[in-house]
Amino acid sequence: MKRRTFLGAAGTVLTGTAAATLLCDHTINEAHGASAQRSSIENSVLELERKWMNAMVQRDEALLRRLMADDFKRIEKPWPNVSMFKAQWIGNAIRWNRIELFRYLNMSVQVSGKMALVSSSYRVRGALGEVPINEIVTAEDTWEERNGRWQIVLQFISKSEKVRPRDKPVARRKAIKVDPAIYLAYVGRYKFGRSRILTISREDGRLIHQGSGGHRAELFPETTSRFFRKDAPVLITFAKDKDGQVTHVIHKHASGRVSIGTRMS
């Protein structure tokens with residue numbers, strides 16, 4: 001019986017066994033190449049996911065705009081399950097979010113063509129405006145490659161669980177009696193960061209604290225310059241210069257976070 005032979009690419013005569021081996025090696029190399037490429041894409045998308053969340057924490061507006069597609073949409077399964085789009089999401093992140101802690105608990109990615117799905121859960125603690133947040137979030141983020149660049153197009157929040165604080169309850173604070181006339185020195189507007197404005201006013205002998213979001217709360221005097229709120233664990237202290245003029249307001253939260261506002265008027 002004649003043995004079958006094959007002509008190689010360079011004109012070399014190959015036996016059937018050698019040709020089969022060569023074809024098998026070529027197939028394996030292609031599979032390894034595809035696997036390495038997929039792994040590279042997975043790592044790139046995971047790194048972009050981390051950069052996106054870090055940009056939220058750092059309130060890096062320019063980076064957020066680059067990473068998020070113009071048609072980005074955020075959907076929450078938990079109540080109030082209201083959709084949010086790119087401009088509103090970035091606005092909240094820049095103006096209202098104050099993140100003290102952000103930590104991934106787990107994260108994985110699945111890539112299919114030009115689409116990638118990042119599944120993750122993370123712990124986040126801080127405040128959204130005047131509302132404290134401390135929760136574990138489960139999310140699925142969809143990334144898409146468009147014109148050679150990966151961008152996030154959809155964030156789906158499937159679960160959000162409140163984290164119970166481990167700290168002992170703070171002792172109830174007691175207000176002292178002061179002459180309401182001293183409140184006039186604190187009345188005015190104070191600026192935090194680039195855009196957050198706090199308004200302090202006096203109404204019917206009471207000192208009122210109103211944030212940029214419109215939330216109003218009465219301030220109760222612990223001393224003549226330090227006040228507390230009954231609706232949030234925060235101390236408010238008014239600082240004066242050497243001439244006795246109020247120049248700043250200092251917020252100290254139960255978590256230890258401190259923010260300082262500069263008086264505008």
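The values are calculated or read from the model by the stated rules, or taken from the named source; none is laboratory data. Source: prediction; values computed, not measured. All Cβ positions, glycine included, derive from the backbone under ideal geometry; neighbour counts span all protein chains shown.
When L198 is evaluated against the numbered criteria (1) among the aliphatic types (A, V, I, L, M); (2) in contact with a Pro (Cβ under 8 Å, 6 or more places away or on another chain); (3) under 25 Å from I99 (Cβ atoms), which criterion, by number, is the only one it fails?
Going through (1) among the aliphatic types (A, V, I, L, M); (2) in contact with a Pro (Cβ under 8 Å, 6 or more places away or on another chain); (3) under 25 Å from I99 (Cβ atoms) one by one, L198 breaks only (2).
Looking at E218, E203 in this structure, which one is at pLDDT 90 or above, out of contact with any strand residue (DSSP E or B) (no Cβ under 6 Å at 6 or more places or on another chain), acidic (D, E) and not assigned by TED's automatic domain parsing to the domain that holds V45?
Step by step, each of E218, E203 is checked, and only E203 is at pLDDT 90 or above, out of contact with any strand residue (DSSP E or B) (no Cβ under 6 Å at 6 or more places or on another chain), acidic (D, E) and not assigned by TED's automatic domain parsing to the domain that holds V45.
Among the strands (runs of 3 or more DSSP E) confined wholly to segment 104-206, which include 1 or more residues that are on the phi > 0 side of the Ramachandran plot and under 16 Å from the mean Cα position of the chain (by Cα)?
Those strands (runs of 3 or more DSSP E) span 115-128.
Which residues, counting only those in segment 211-231, are polar (S, T, N, Q) and more than 17 Å from R98 (Cβ to Cβ)?
T223, T224, S225
Somewhere in segment 141-149, is a residue in contact with a helix residue (DSSP H, G or I) (Cβ under 7 Å, 6 or more places away or on another chain), in the same structural domain as R98 (by TED's automatic domain parsing), among the acidic types (D, E) and in contact (Cβ under 8 Å) with a residue 60 or more places away in the chain?
Among the residues of segment 141-149, at least one is in contact with a helix residue (DSSP H, G or I) (Cβ under 7 Å, 6 or more places away or on another chain), in the same structural domain as R98 (by TED's automatic domain parsing), among the acidic types (D, E) and in contact (Cβ under 8 Å) with a residue 60 or more places away in the chain, which makes the answer yes.
When you go through K240, K168, K230, K162 one by one, which is the residue that is surrounded by fewer than 16 Cβ atoms within 10 Å (Cβ to Cβ), closer than 29 Å to G91 by Cβ, of a type in the set (K, R) and modelled with pLDDT under 95?
One residue alone meets the criteria, K162.
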